[in-house]
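The values are calculated or read from the model by the stated rules, or taken from the named source; none is laboratory data. Quantities reported herein were computed from a predicted structural model and do not represent experimental measurements. Neighbour counts run over all protein chains shown; Cβ positions are idealised from the backbone, glycine included.
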Amino acid sequence: MEMKYLKWFKTLELELVGRDNCFKLLNSGVEEPLELLHSHINKYYDEIRARLLEPNPFGHPSLIEHLSFKYGISQKKIVPASGTTNAVYLAMLATIERGDEVIIETPVYDPLVITAQELGAQITYLERNAPDYKIDLDRLSDLITPKTKLIVLTNLHNPSGAFIKENQLIQIAELARTKGNDAYVLVDEVYHDFVIGIQPKAASMADNIISVASLTKVYGLSLLRAGWIFANPKLVEKIRPLYLMVEGIGSRYMEVVSSVVVEHLDEYVAYSRELAAQNRMSLWDALEPLLKAEILTPNITENGCIYFPTVANLEDTRGFVQELADKYHVYVVPGYLFGEPKAIRIGFGSKPEDF
């Protein structure tokens, strides 16, 4: 099994090294706020050095403490991980066994599927249909059986940016608990902090919801590889031995620097939301003729930095994507990599002056 999207992306990324005469609308997160990060490292250097002397048995205490304070989640419910991908792996490792039924949304970020497949799960897909990619609760209810152990969703939806509201997540958790015989709901919230206003983390809504996220996407800090799991304390105790197997001693430096970022997260999220808002307006303006002509669906969401339109009269956009690259040096992601061949994904997280 291979992760088609990541293989495609990394191959193209290497091909484009050193090419400045092209428009890369590929990235699914915001531009790295390196100046802000460097300023915090310099400003809090002594504090970072002091924290580096502390042990990090199941994630560094300072990172857990600041995650707890920021998101209102008990420290007993938090396990750090090396990015969202590892967080997903640990969560699945703790909740499913070979032969278990797992329901996964589609279109989908394919590492979610590959991870479940590698663990031997039997996968059923919950379709999130264009143009709004909402969850159909009736359809989900029909898919859940007593053998269902896990339901996997993203919020904001990757690749469309669609938002699942709190009341719907609570309903999903209840369906998983009753029809799925105490099944878990795993919510990848790596885009969640784009949403403005008080938006509780999914894991705070029900004991059978697991939240995973990181400092990538919204915060652009993939170089730190800082992720985390929020889950009920009983499940956390089950995850911790797996953490030792997967993470080993972890990265004290990464977690300490990340703890400083989380401590000052409001500064980073302000940067990201403003960047995305400016680029979203530019995207609307640039694509207005195509939207009016109904060539692209106008489902640019009010949150996030990704846009996943379907293209009129095309059953598969691969040829269209190749033509954009060959003729116009514009690079976007073909939707087949997410299970929706009629779509393309456009990322608008770069600096506004470069967009």
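Being over 30 Å from Arg139 (Cβ atoms) and under 18 Å from the mean Cα position of the chain (by Cα) narrows it down to one of Ile104, Ile78, Ile41, so name that one. Matching residue, one of Ile104, Ile78, Ile41: Ile78.
Based on what the data block shows, is Ile64 in a loop (DSSP other than H, G, I, E, B), under 23 Å from Phe230 (Cα atoms), of a type in the set (A, V, I, L, M, F, W, C) and not assigned by TED's automatic domain parsing to the domain that holds Pro334? No. Quick check on the range 149-156. Is at least one of its residues assigned to a loop (DSSP other than H, G, I, E, B) and basic (Lys, Arg)? There is no residue in the range 149-156 that is assigned to a loop (DSSP other than H, G, I, E, B) and basic (Lys, Arg).
From the list Leu242, Leu224, Leu215, exactly one residue is in contact with a Leu (Cβ under 7 Å, 6 or more places away or on another chain) and without any contact (Cβ under 8 Å) to a residue 40 or more places away in the chain. Which is it?
Details: Leu242 fails: without any contact (Cβ under 8 Å) to a residue 40 or more places away in the chain; Leu215 fails: without any contact (Cβ under 8 Å) to a residue 40 or more places away in the chain.
Of the residues listed, the single one that is in contact with a Leu (Cβ under 7 Å, 6 or more places away or on another chain) and without any contact (Cβ under 8 Å) to a residue 40 or more places away in the chain is Leu224.
Starting from residues that are of a type in the set (Gly, Ala, Ser) and surrounded by 15 or more Cβ atoms within 10 Å (Cβ to Cβ), keep the ones in the range 1-52 and report whichever is modelled with the lowest pLDDT.
In the first step, residues of the range 1-52 are kept if they are of a type in the set (Gly, Ala, Ser); the result is 18, 28-29, 39, 50.
With the extra rule that they be surrounded by 15 or more Cβ atoms within 10 Å (Cβ to Cβ), the set shrinks to 28-29.
Numbers: Ser28: 93, Gly29: 96.
Among those that are of a type in the set (Gly, Ala, Ser) and surrounded by 15 or more Cβ atoms within 10 Å (Cβ to Cβ), it is Ser28.
Filter the range 10-31 down to the residues that are assigned to a loop (DSSP other than H, G, I, E, B) and either in the same structural domain as Leu215 (by TED's automatic domain parsing) or basic (Lys, Arg) (or both) and list them by number. The answer is Arg19, and nothing else. Taking the condition of being without any contact (Cβ under 8 Å) to a residue 40 or more places away in the chain and outside any helix (DSSP H, G or I), how many residues in the range 284-299 meet it? Of the residues in that region, 4 qualify. Among the residues of the range 168-183, those that are touching a residue at least 12 places away in the same chain (Cβ under 8 Å) and not charged (D, E, K, R) comprise Gln168, Leu169, Ile170, Gln171, Ile172, Ala173, Leu175, Ala176, Gly180, Asn181, Ala183. Among the residues of the range 301-311, those identified as touching a residue at least 40 places away in the same chain (Cβ under 8 Å) and either surrounded by fewer than 21 Cβ atoms within 10 Å (Cβ to Cβ) or polar (S, T, N, Q) (or both) are Thr301, Asn303, Thr310. In this entry, Tyr253 passes the filter for residues that are over 21 Å from Lys76 (Cβ atoms) and assigned to a helix (DSSP H, G or I).
Within the range 228-237, being exposed (fewer than 15 other Cβ atoms within 10 Å of the Cβ) and closer than 20 Å to Ala173 by Cα holds for Pro233, Lys234.
Looking across the range 202-235, the residues that are in a helix (DSSP H, G or I) and either under 20 Å from the mean Cα position of the chain (by Cα) or within 12 Å of Ala81 (Cβ to Cβ) (or both) come down to Ala202, Ala203, Ser204, Ser222, Leu223, Leu224. Every listed requirement among (1) surrounded by 14 or more Cβ atoms within 10 Å (Cβ to Cβ); (2) touching a residue at least 60 places away in the same chain (Cβ under 8 Å) is met by Tyr328 save one, (1). Against the condition outside the structural domain of Ile295 (by TED's automatic domain parsing), on the phi < 0 side of the Ramachandran plot and part of a loop (DSSP other than H, G, I, E, B), how does Val187 come out, does it pass? Criteria not met by Val187.
Return yes when Arg139 is in contact with a strand residue (DSSP E or B) (Cβ under 7 Å, 6 or more places away or on another chain), among the basic types (Lys, Arg) and assigned to a helix (DSSP H, G or I) and no when it is not.
For Arg139, the condition - in contact with a strand residue (DSSP E or B) (Cβ under 7 Å, 6 or more places away or on another chain), among the basic types (Lys, Arg) and assigned to a helix (DSSP H, G or I) - is met.
Starting from residues that are of a type in the set (A, V, I, L, M) and not in a loop (DSSP other than H, G, I, E, B), keep the ones in the range 310-332 and report whichever is farthest from Leu14 (Cα to Cα). Outline the logic, then answer.
Step one: filter the range 310-332 for residues of a type in the set (A, V, I, L, M), giving 311-312, 314, 321, 324-325, 330, 332.
So of that shortlist, the ones also not in a loop (DSSP other than H, G, I, E, B) come out as 311, 321, 324-325, 330.
Values: Val311: 27, Val321: 18, Leu324: 18, Ala325: 15, Val330: 16 Å.
It comes out as Val311.
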